Structure formats: C-alpha cells, structure tokens
1. Can you tell me how many residues in the range B:52-86 are away from chain A (no Cβ under 14 Å) and either in contact (Cβ under 8 Å) with a residue 12 or more places away in the chain or under 17 Å from the mean Cα position of the chain (by Cα) (or both)?
2. Quick check on the range B:279-287. Is at least one of its residues more than 13 Å from B:Asn224 (Cβ to Cβ), facing another protein chain (nearest Cβ under 10 Å), at pLDDT 90 or above and more than 22 Å from the chain's Cα centre (by Cα)?
3. Say we look at the range A:38-62 and pick out the residues that are among the acidic types (Asp, Glu) and either touching an Asp or Glu at 6+ places or on another chain (Cβ under 9 Å) or more than 14 Å from every other protein chain (Cβ to nearest Cβ) (or both); which of these is nearest to B:Arg176 (Cα to Cα)?
4. Quick one: would you say B:Ala89 is in the same structural domain as B:Arg175 (by TED's automatic domain parsing), within 21 Å of the chain's Cα centre (by Cα), at pLDDT 95 or above and part of a loop (DSSP other than H, G, I, E, B)?
5. Within the range A:203-218, track down each residue that is modelled with pLDDT of 50 or more and part of a loop (DSSP other than H, G, I, E, B).
6. With the structure loaded, tell me whether A:Ser142 is touching an Asp or Glu at 6+ places or on another chain (Cβ under 7 Å), more than 14 Å from chain B (Cβ to nearest Cβ), free of Cβ contacts under 8 Å to residues at least 60 places away in the same chain and surrounded by 18 or more Cβ atoms within 10 Å (Cβ to Cβ) or whether it fails that test.
7. For the range B:186-234: of the residues being part of a helix (DSSP H, G or I) and among the acidic types (Asp, Glu), which is modelled with the lowest pLDDT?
8. Residues being within 21 Å of the chain's Cα centre (by Cα) and either free of Cβ contacts under 8 Å to residues at least 40 places away in the same chain or loosely packed, with under 15 Cβ neighbours inside 10 Å (or both): count how many of those fall in the range B:239-249.
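The values are calculated or read from the model by the stated rules, or taken from the named source; none is laboratory data. Keep in mind the model is a prediction, meaning the values are calculated, not measured. Glycine also receives a Cβ, built like all others from the backbone with ideal geometry; neighbour counts cover every protein chain displayed.
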Amino acid sequence: MSVTILMPVYNGATFLARSLKSIGDQTYSDWHLVVGDDASTDGSAEIVERGGLPRMTLFKNPRNIGWAQTVNLLMAKADADYVAVLHQDDWWEPEFLATMAGRLDRAPHSMLAVSAARIVHPTRPETLSGLHLGWPLEKGLSCPSSTALSLLLQRNWIRCPTVLARTELYRRYAFDESLPFACDWLMWLRAAALASVEVSPEVLANYQLHEQSQTSGLLKGNLTTIDMLRMIQVLTAEWAGHEPVKDAIRGLTIGVTYEILADAGLKVEAGDLDGAAQQLRFARAIARRPRQAVLSLAGQAAIGVLRLPVMSGLRRPITQAGRRIW
Amino acid sequence: MSRVTVLVPNYNQSAYLRQCLQSVRAQTLSDWQVVVGDNASTDSSLSVIESLDEPRIRTVRRPRTIGWIANVNLLLAEASTPYVAILHADDWWEPKFLETTVAMLEAAPQSLVATSAARIVRDGVRAEVVGLYQRWNPGRGSTCPAGEVARLLTPRNLMPAATLLARAGLYRRFRRYEPALSLLGDWLMWLRAGAVASFEVTDDVLANYRIHGANQSASAEAQNLWAMDLLRVGRLLQMEWSGEWEPYPGAAAAIGAAVANDLLARAVLRMEGGDPGGARQLVRLAWATAPTAGQRALSRLAELGIVLFGGGPLDGLRKPLTGFARRLKPAVERSLK
C-alpha cells in the first residue's frame, strides 16, 4: 500500500459525504483510508460507515479528545510510504493523490509535496493559496529546504489538505497537541527544515472556511495568537544554537506579528473592538520591527477613536481604507 | 459493581508505578477498581502491573504516545462508577484517602468534588503541604460553596490531581480536560467546576504529590510553556466568566489579573536566574494581557528595570533589586486589589 489517508472526524455530517466521495473518485487507487471519529454526536460515524468506501477502517474515540490528538492516534495505523490528512470539510480533485505521489516518487529527498488550494467561503469570493505563490513554477518543481523554510517563516502558505507527506516525517514529529490552531504550521516548518518541498501550482485541493466555526469565530482569534506564540517558544528551544536558516526565530516572530495585526483588522471589521485591542497589544509585545510597533500603536489609537459613539458609522469605511493601504 | 474508579495515566513511570498501585491496594475502602491508561510506554511499566496480579487492576493501552491530557480524556470513558479519581502514576495515597473522601461526598450530595491536602515530595524529599484548605477556613464547615472555590483557586492552583475524588457527574458536565493545556489542565478543570459546584474540603494529608525530573519542568519553564498555558487559561475563562456566568463578582478581571501577576512573578525569577531576555519577554506578555492600568504600568516599570539592570553596567544591582521587588510584591498586589 502506498498512501494512508487519515481523516479525523468531529460532527462533520454537513460536508463529510463530499469529502469521502472525493477519496472514492481518486484516479490513484493504492490507498487505505483510516477514519477517527472523535466522539461525534451528529451521526458522522454512521455516514462514514454508509459511505461504502473500499479499504476503509473506522476507529471511534470513546470521548472527544481534539483533532491533533486524534490524528496522532491514527498515525499508529499509517503503514504505507506516504500519509495524507484530509479533514471532513475539505475535499480533493480526482488527480490529487496521483500527482502528489508521483512527485514524491521522483523526489526521494523531499518530505512534503504540496499542491495549491482553492479557499471556499460561504459568502466571500474564492481565493487561491499555496506555496507556489512564493515559489513560482519557473524556478523548478522542488523548493530547496532553506528557501521553503524562509517562505514558511513569513506565514503559513500550506493548508493541510494540500499535503502528501512521507510517513517518516510523522514518525519523527507528532502534531503538537498544545497548539491546535497552529500545529500544522509547526509541522511544515519542521519538515522544511529537514528537506526540500515539492511544489505544485495545480489546484488539487479545496479548503472550506465557515461563517461561524472554530476557524473563523471571534473566539478563535486570541487562542490562535496564543498558539502562534507557543509555536515560537517551541521552535526557539528546538533551534537554540543552530537555527536552520539565519535569523529564523526573528523571521518567524515578524511573520506571526503580521498575522496578529491582520487578525486585529478583521476583528475591528467584525465590530469586536476589545478583541482587536487585545491582539494589538500582543503584536506590540512581540514586535521585532519598529514598523510593526508603530502599526500596533496606530491601531490602538484608531480603536480609541472608533470607540467614540459618533464614529460607529465610519468604522467600515475606515477599516476598508486601512485594508487597501495594507 | 465497585463504587470508585481510579484512573491512572502512565507514561514510562515504572519506577513509581508500583508504589502508586500498592497505595490503592492498601486503601481501607476496598470497593474500587483501577484502570491504568498506558500511553505506549517503552519501559517495564506493563510487567510492573502484571507482577501485582490484582484482578481489580486493568490496563488500556494507547497504540501511540499522545499527550497526557488526551490519555486522561480517553480514560474518563472507562469510568462507570459513581465516583472517579485520577491518580498519576508517580503520585500515591495514604491508606485512608478513599474512605475519607467517599464519606465526605456521601454526606454532601450537592458537592461534586472532595479534596484533601497533599504532601509535596520533591526529588524524594518530603516538602511542604498544599491543599484548598489553606485558603478555606475550616471553621466555616467542610463545604466550600460554588463560586467561592473558583475565587480561592484564581490566584493559583492549590489542588494536585491526587487530592481529588470527583462525582462522576463532574465529567458529565465538563466532558474533557482542555486538550491544549499541557501543564495547567487540572487548574482549569477545578476553576470551571468550582464556579458551578461546591467542594468538600479537609486538611487531612491523604495524598502525596511527587515532583521529579527537574530537567523536564526546567525545560517547560525555559520554553515559557507555563506562560503560554497561563495565557490560554486566562483567555478561556475571561470568555466563559462574562455576564451571568460570573462565578463571583469581578471574576473575569480577577483571572486576568492573576495571569498577569504570575507572569510578572516568573519574570522576576528569570531575572534572578540571569536571563534578562526571557524576563523581558514575560513582562511584555504580562503587559499585553493585564486587565488593569495598574498592572500595565507595573509591567512597563519592570521592563524598564530589566533594560537598565539586565546585563549592562548596572548589572551588579540586579540581585538586590529583584530581591526588593519580591518583598514589594505582596504590598503591590494588595494595593491593586
């Protein structure tokens, strides 16, 4: 068997069928699917069982333990050369496995092959993401380790469903269970520090965002920030004395600071001024560039102004102007 | 059917596991069963369990090592008795622990938790005693009411897991320990539980809480993982404890202040340990998260102090100053209240 597909499932009844179908539709058939149901209460496990996919094993957690924990448990079942992790809401194009496995077959030194992703949101227009935006195709299919790492320090270009990894990577590193919103980013950073990354500009995976969910709710922002801060701490210890590229931690801190600043902007637009102010303070607390400190300060001042009742009507135009300047 | 399930999460603790399990066997209350959750140990843990040849002890094994919190959360599914205890493989009980705590809960049907005091054993040496009793005046009876428990535990966690016997209802109401907290998961559980339910408190020292492997906790400290867990507990409770869910007046602000205070205290320790860079990081986080203007000002002041006295020509003043800051701290905390 060449590919183990791991799918952690928690209350995924809405989209699960689409995701399972995209596995069944793969042109590449040398896979085994391992589903871990994390104590769903919406009948997700039954949907998986009824899905009727061949070569499928279902495990059920007796209690809910979290997605990273579930994937780490499932990893014990990964006995193939390659592993893909597909979340319940995301889905592949039929060529995904064939293309990615081909890439890794031809690049024995790479740990990861990544495609581009279409980001789907219920109300906003679709966008594309992927490492190809930072490492264009003209430069070759294989992005060298140090370049891939430098790109990933700036931000997380890689969405989970776009990745096919060598199983070896996950034997070496488990997903860090203490940072549920950033453990994928941490994994790609570690992988890039180890080896080159195969980049595909083709859109072979689809990533579903939600209006109100774990990954877009107001709750998320600050917890994601704490995850990213924690990621910096973990890598600071891991890379102490031998940073894989020059100034890696500084670069990562700058990248994280921009992420936090961007999230503060989103929070202002959503009307969550307290959350935004908190984000700006975090950004200022870790800022490594004077420009970032100034941006945080300016943001705090702007929030102070926006708090004035007369300004409430102007909130949207102002944040939109801010976004254009950004 | 037995009345108590003792859940024992274990990862490579064969050196202590026997003492732990023997202390359960030595309980004066015999109406218990043990489920060891072995987190894919690579040492001789399993043969230690087998050698005890005890039918009331069974083992579930994880196919791969996962975080200890996830191991505990999976173990919770194994308990179907009215009472549940979690005893880590390196901790152990005095013989009367179960008898005492079961009796306390039977006498107080409204309480979800009974908690004793614990002796801390640091690297094999018996050290201080901790417990909720330290902040609860026993003159007021054994029942510490809902809300008050959360208030008493807000400044810091006084309850090692080994000091607790919980009603199974606790884990029906709060389904899991927060999966992302690698160090402070217990604290958050007690705070959540103490916000809605009363606890039975005794000052009897019935549990032993072992602190060992200084390297491990030192590395957690060095990586600031404590700080990260603190920030998360603070954020989660500030969201949960707003409005009508406030367990006591000013709870959300109090937990925020406690987090900032703890970060500042750790910064002082860092400074004393000769790590001004780490100390500065911590005071900046304290500043970012502090809910009161007073704490923010204090954090700014501390940062200024670190910049002035950390490393430069004024380095000689560092020790006397941090010593002074430490003595000053209680007074400052009182004035901020």
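1. So the count comes out to 10.
2. yes
3. The residue in question is A:Asp42.
4. yes
5. A:Leu209, A:His210, A:Glu211, A:Gln212
6. yes
7. Per the stated criteria, the residue is B:Glu221.
8. 1
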